[in-house]
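Participant: Attaching a single structure in structure tokens format; questions to follow.
The values are calculated or read from the model by the stated rules, or taken from the named source; none is laboratory data. Owing to the predicted nature of the structure, the values given are computational and were not obtained by experimental measurement. Neighbour counts run over all protein chains shown; Cβ positions are idealised from the backbone, glycine included. Ligands, DNA and RNA are stripped out before the accessible areas are found, and what is left, the full protein with its side chains, is counted by its heavy atoms. Shrake-Rupley method; radii C 1.70, N 1.55, O 1.52, S 1.80 Å.
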Amino acid sequence: GAAMAGGVNTAAGGEGGAGGGGFSNQASAYASVVPGGDSNEAGGMYGFAAGRRAKVAHEGTFSWADSTDADFTSTGPNQFLIRASGGVGIGTNAPATKLHVKSGDAAADYQVLTLESDSPGATALMLKNNATNGRTWQISSFTNVGPGFYGSLSFFDATAQVHRMMIS
């Protein structure tokens, strides 16, 4: 069965769906959860929706929405979605940007972020500015994509489609 612990205008309808209360929340899919908040919907199997107006429409999706009065809806299965207008802090409770990652110990944790890939070609970080005259840059670590690229680090201007700097 499904269970909702309390709240106002809340419902748990999916087999194994559950909720903790809040206001106008629905856990309508199999094994979906809405722990509380306001106007959240977990409509995808194994979905989790919390905060304000988080809408999980796809299987296996986790959605956290801040207090913004607008729907925050999943766009595909197995997503982890966060709307946090005040920023997301990892290792900090005072994020200065949309995503702020801080190491706990300067002496021991000099490596703060790792991007890892099993791609046989490259692992890349994309920096994209959508403003007028903005550019898209890609910083890549190449493996075996061809002569001149083996083991290289590349700064690629994706807007102009040209390598600006290559370190081998």
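Participant: Answer with yes or no whether Gly151 is open to solvent by less than 70 Å² (accessible area, probe 1.4 Å), on the phi > 0 side of the Ramachandran plot and modelled with pLDDT under 90. Write out each step before concluding.
Facilitator: Details: open to solvent by less than 70 Å² (accessible area, probe 1.4 Å): yes; on the phi > 0 side of the Ramachandran plot: yes; modelled with pLDDT under 90: yes.
Judged against the criteria, Gly151 is a match.
Participant: Please find, within segment 1-51, the residue that is nearest to Arg83 (Cα to Cα) out of those that are of a type in the set (Phe, Trp, Tyr) and over 21 Å from the mean Cα position of the chain (by Cα).
Facilitator: Looking at the filtered set, the residue picked out is Phe23.
Participant: Of the conditions (1) over 25 Å from Ser28 (Cβ atoms); (2) in a loop (DSSP other than H, G, I, E, B); (3) touching a residue at least 12 places away in the same chain (Cβ under 8 Å); (4) not β-branched (Val, Ile, Thr), Glu59 clears all except one; give me its number.
Facilitator: Condition not satisfied by Glu59: (1).
Participant: Got a sec? Which of Phe80, Phe149, Phe62, Phe155 is over 30 Å from Val33 (Cα atoms), in contact with a Phe, Trp or Tyr (Cβ under 6 Å, 6 or more places away or on another chain) and not β-branched (Val, Ile, Thr)?
Facilitator: Sole residue among the options that is over 30 Å from Val33 (Cα atoms), in contact with a Phe, Trp or Tyr (Cβ under 6 Å, 6 or more places away or on another chain) and not β-branched (Val, Ile, Thr): Phe149.
Participant: If Asn130 passes every condition in (1) modelled with pLDDT of 85 or more; (2) within 30 Å of Ser63 (Cα to Cα); (3) open to solvent by less than 50 Å² (accessible area, probe 1.4 Å); (4) polar (S, T, N, Q) but one, which one does it miss?
Facilitator: Among (1) modelled with pLDDT of 85 or more; (2) within 30 Å of Ser63 (Cα to Cα); (3) open to solvent by less than 50 Å² (accessible area, probe 1.4 Å); (4) polar (S, T, N, Q), Asn130 violates only (3).
Participant: Contact list please: Cβ distance under 7 Å, first residue in segment 125-144 and free of Cβ contacts under 8 Å to residues at least 24 places away in the same chain, second residue open to solvent by 90 Å² or more (accessible area, probe 1.4 Å) and among the β-branched types (Val, Ile, Thr), pairs at least six apart or on different chains.
Facilitator: none
Participant: When the residues of segment 73-91 are narrowed to those that are more than 15 Å from Ala57 (Cα to Cα) and in a loop (DSSP other than H, G, I, E, B), which ends up nearest to the chain's Cα centre (by Cα)?
Facilitator: Ala84
Participant: Out of all the residues in segment 15-36, which are open to solvent by 40 Å² or more (accessible area, probe 1.4 Å), assigned to a loop (DSSP other than H, G, I, E, B) and either touching a Lys or Arg at 6+ places or on another chain (Cβ under 9 Å) or more than 14 Å from Gly1 (Cβ to Cβ) (or both)?
Facilitator: Gly20, Pro35
Participant: Out of (1) at pLDDT below 90; (2) part of a loop (DSSP other than H, G, I, E, B); (3) of a type in the set (A, V, I, L, M), the odd one out for Ala124 is which?
Facilitator: (2)
Participant: Restricting attention to segment 83-93, which residues are open to solvent by less than 60 Å² (accessible area, probe 1.4 Å) and either farther than 23 Å from Ala54 by Cα or in contact with a strand residue (DSSP E or B) (Cβ under 7 Å, 6 or more places away or on another chain) (or both)?
Facilitator: Those that are open to solvent by less than 60 Å² (accessible area, probe 1.4 Å) and either farther than 23 Å from Ala54 by Cα or in contact with a strand residue (DSSP E or B) (Cβ under 7 Å, 6 or more places away or on another chain) (or both): Arg83, Gly87, Val88, Gly89, Thr92.
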